Amino acid sequence: MTGKQRREQLLDVGRSLFAEKGFEGTSVEEIAAKAGVSKPVVYEHFGGKEGLYAVVIDREVESLLTSITEALTATERSRELLEQAALALLDYIESSSDGFRILVRDSPVTSGSGTFASIMSDVGSQVEHILAAEFQSRGFTDKIAPLYAQMLVGMVALTGQWWLDVRKPRKAEVAAHLVNLAWNGLSGLEAKPKLTSR
């Protein structure tokens, strides 16, 4: 096996174990044993478990952000953008379940960047522009767009976490319901919402 092939093998093994057991629950010994190599081979390629984990996280972050960013630039029609973004996240969850499990876990080795929350915040910033345009077209101030963008992204992200385990209903149906709530909720938006209980 070439060095490049060994590195990819260790990444695959580490990704699988991190998804199953989390960062803290996975050891270098376990990674080495599952890959059929000695511990020094893992250290040689990644400097340790932290280095391997960092590469796995970087790859997953890039994959998820790329797919969502592509979805958010696929059309200029707001509702279709929401549909495409919801489907992009659900596609990622479906095709990269282990990667998604890793991203949603909190880990001491991930700082402010690379966490699922920071990824979703980045996506929220992209969605903010879509909502700002919608708000302006409906006569609302666009100053609240960042707040609504975070709410919308949070709704999709939490639904995705739930769907990861249940996988019902079908992906397209989940996306349709998400967009239905988000879009039709926006259509009845009040200009100055107030809590009725206060």
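The values are calculated or read from the model by the stated rules, or taken from the named source; none is laboratory data. No experiment lies behind these values; they were computed from the predicted model shown. No Cβ is skipped: glycine too gets one built from the backbone with ideal geometry, and neighbour counts run over all protein chains shown. All accessible areas refer to the heavy atoms of the entire protein, side chains included, with ligands and DNA or RNA removed. Shrake-Rupley method; radii C 1.70, N 1.55, O 1.52, S 1.80 Å.
Listed here are the residues, each with its yes/no results for (1) at pLDDT 90 or above; (2) open to solvent by 50 Å² or more (accessible area, probe 1.4 Å); (3) within 29 Å of A54 (Cβ to Cβ).
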position	(1), (2), (3)
M120	no, no, yes
L131	no, no, no
E190	no, yes, no
T196	no, yes, no
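Mind checking which pairs have a first residue in the range 42-54 that is in contact (Cβ under 8 Å) with a residue 60 or more places away in the chain and more than 18 Å from T2 (Cβ to Cβ) and a second that is open to solvent by 50 Å² or more (accessible area, probe 1.4 Å) and charged (D, E, K, R), Cβ under 8 Å, 6 or more apart or different chains?
Short answer, once both residue conditions are applied: none.
What residue, among those in the range 32-41 that are closer than 12 Å to R7 by Cα and out of contact with any Asp or Glu (no Cβ under 9 Å at 6 or more places or on another chain), is least open to solvent (accessible area, probe 1.4 Å)? Walk me through it before giving the result.
First, pick out the residues of the range 32-41 that are closer than 12 Å to R7 by Cα: 32, 35, 37, 41.
Then drop every residue that is not out of contact with any Asp or Glu (no Cβ under 9 Å at 6 or more places or on another chain), which leaves 32, 37, 41.
Details: A32: 3, V37: 29, V41: 34 Å².
Applying the filter and picking the extreme gives A32.
Condition check: farther than 17 Å from I68 by Cβ and of a type in the set (G, A, S). Does A133 satisfy that?
yes
Being under 30 Å from G124 (Cα atoms) and exposed (fewer than 15 other Cβ atoms within 10 Å of the Cβ) narrows it down to one residue among E8, E24; which is it? Give the derivation first.
Numbers: E8 fails: under 30 Å from G124 (Cα atoms).
Of E8, E24, the one residue that is under 30 Å from G124 (Cα atoms) and exposed (fewer than 15 other Cβ atoms within 10 Å of the Cβ) is E24.
Say whether the condition of being assigned to a helix (DSSP H, G or I), farther than 29 Å from R101 by Cβ and open to solvent by 60 Å² or more (accessible area, probe 1.4 Å) is met by at least one residue in the range 173-188.
The answer is yes, given that some residue of the range 173-188 is assigned to a helix (DSSP H, G or I), farther than 29 Å from R101 by Cβ and open to solvent by 60 Å² or more (accessible area, probe 1.4 Å).
Could you grab me the full set of residues in the range 152-172 that are under 19 Å from L64 (Cα atoms), aliphatic (A, V, I, L, M) and open to solvent by 20 Å² or more (accessible area, probe 1.4 Å)?
L152, M155, V156, L158, A172
Results for (1) part of a helix (DSSP H, G or I); (2) of a type in the set (A, V, I, L, M, F, W, C); (3) in contact with a Pro (Cβ under 6 Å, 6 or more places away or on another chain); (4) open to solvent by less than 30 Å² (accessible area, probe 1.4 Å), shown as yes or no for each residue.
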{"position": "V56", "(1), (2), (3), (4)": "yes, yes, no, yes"}
{"position": "E60", "(1), (2), (3), (4)": "yes, no, no, yes"}
{"position": "L64", "(1), (2), (3), (4)": "yes, yes, no, yes"}
{"position": "T75", "(1), (2), (3), (4)": "no, no, no, no"}
{"position": "E80", "(1), (2), (3), (4)": "yes, no, no, no"}
